[in-house]
Amino acid sequence: MKLLSPIFVIFAITANYAAGSQLEVNLTAGEYPPYQSQKLKHYGVVSRIVSEAFALEGVQVNFTFMPWKRAYPSILEGKLDGVGYATKKKEREKYFYFSEPIFQKTRVFFHHIDHSFDWNTIEDLKGLQIGALSGYAYNDEFDLAAKQRIITVQRVETHQQNIGKLVLGNRIDLAISTINQGYDVLQRAYPQAKKFITYHPKPLHSPNMHLMLSRKVEKNKELIVLFNRGLKKLKESGKLEQYFKESQQGEYLP
C-alpha cells in the first residue's frame, strides 16, 4: 500500500487478468469517517464492506491515498478505475458503471433530548437555527428554502464543528448529519454527550450509495457483476448490518 496523501483515500482498481494471478481492484475514496478513513480499523465500515464483497468473488482491493480533486479526473479518463462509494446521478451514468446500492446515506436532524422537536414539512423548520455543512446540497426543497431564507441555516466546514455546536449549545437547535457520521463524531469527540443528543427519525435525505467504476476500463463491467454478487452474499449473511452496528458503537476507532 502506497500512501500518497494523509487526507484522502483511494481505492484504485486495476484488474489483473494474467494467467494464474488474482484480480486486483484499486478504488478512490475520500477521508469520510466512519465510512472511509486511513485512521480507522479496516479503513472504515464501507471500505470493509467493499473489500469483503470483492474478496468473496476472488478480487483483491488495493488502497491508495490521494486528493479527490486529482482522483476524479483520473477515474473519468480511466487512468484510475473507480471510487469506493458515490451517488448515482444521471449525468454520471454516461461515464461510469454503478453497482447495486451498498447503503443509504441517511441524513437526519440531530437535537438535544430536552428540545421537543418534530417536523413533517420544511415549514415546520421555520424559526429554528439549523446547522449544516458549507458547500453541501441536501435536497431540492431544503436547499431552495435555505436560499430564499425561509429557514435559517448556519454552515460550518466539518461534521465535528456542526455536532459540536449542538452539544455545546452554541446557537443552533438542530444539526444535519448522516446517522453514522453523527454518532461517529459523538463517539470520538463528545462521548458523554451521547446520553443527551438524539435525532429525529424522519430523514431529510436518503440517497443510495454505490460502487462507481469507469466505463473507460475494459473489465469494469465484469467487475461490477462480481461485486454485486459478493455484496448480495454479504447482505444475506447479516454481516453488512453487523458492520454498521459495530461502527456506530465505536468498534472501528483506533
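The values are calculated or read from the model by the stated rules, or taken from the named source; none is laboratory data. Please read all numbers here as calculations on a predicted model, not as lab measurements. In this analysis, Cβ positions are derived from the backbone assuming ideal geometry, glycine residues included, and neighbour counts consider all displayed protein chains. Accessible surface areas use protein heavy atoms only, side chains included; no ligands, DNA or RNA. Shrake-Rupley method; radii C 1.70, N 1.55, O 1.52, S 1.80 Å.
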How many residues of the stretch 32-78 are touching a residue at least 60 places away in the same chain (Cβ under 8 Å), within 25 Å of Ser177 (Cβ to Cβ) and not in a loop (DSSP other than H, G, I, E, B)? The answer is 11
Going through (1) closer than 24 Å to Glu246 by Cα; (2) at pLDDT 90 or above one by one, Gly58 fails only at (1)
Filter the stretch 33-64 down to residues that are open to solvent by 10 Å² or more (accessible area, probe 1.4 Å) and polar (S, T, N, Q), then give me how many there are.
5
Among (1) open to solvent by 70 Å² or more (accessible area, probe 1.4 Å); (2) out of contact with any helix residue (DSSP H, G or I) (no Cβ under 8 Å at 6 or more places or on another chain); (3) not in a loop (DSSP other than H, G, I, E, B), there is one condition Glu141 misses while meeting the rest; what is its number?
(2)
Scanning the stretch 80-97 for residues that are surrounded by 14 or more Cβ atoms within 10 Å (Cβ to Cβ) and assigned to a loop (DSSP other than H, G, I, E, B) gives Leu80, Asp81, Lys88, Tyr95
Mind checking which residues of the stretch 67-79 are more than 20 Å from Glu222 (Cβ to Cβ) and buried (at least 20 other Cβ atoms within 10 Å of the Cβ)?
Ala71
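Give the residues of the stretch 196-238 that are among the β-branched types (Val, Ile, Thr), at pLDDT below 95 and exposed (fewer than 15 other Cβ atoms within 10 Å of the Cβ), sorted by residue number. Explain how you work it out, then say what you get.
Within the stretch 196-238, the subset among the β-branched types (Val, Ile, Thr) is 197-198, 217, 224-225.
Adding the requirement that they be at pLDDT below 95 leaves 217.
Matches in the stretch 196-238: none.
For (1) assigned to a strand (DSSP E or B); (2) touching a residue at least 24 places away in the same chain (Cβ under 8 Å); (3) open to solvent by 50 Å² or more (accessible area, probe 1.4 Å); (4) among the β-branched types (Val, Ile, Thr), each residue gets a yes or a no:
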site	(1), (2), (3), (4)
Asp114	no, yes, yes, no
Ile130	yes, yes, no, yes
Ala145	no, no, no, no
Ile150	no, yes, yes, yes
Gln154	yes, yes, no, no
Gln160	no, yes, yes, no
Arg171	no, yes, yes, no
Ile176	yes, yes, no, yes
Asp184	no, yes, no, no
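Can Leu186 be described as more than 16 Å from the chain's Cα centre (by Cα), at pLDDT below 95 and more than 24 Å from Ser51 (Cβ to Cβ)?
yes
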Name every residue in the stretch 98-112 that is farther than 26 Å from Asn170 by Cβ, open to solvent by less than 30 Å² (accessible area, probe 1.4 Å) and not in a strand (DSSP E or B), in order of residue number.
Ser99, Ile102
Taking the stretch 19-31 on its own, how many of its residues are within 10 Å of the chain's Cα centre (by Cα) and not in a loop (DSSP other than H, G, I, E, B)?
1
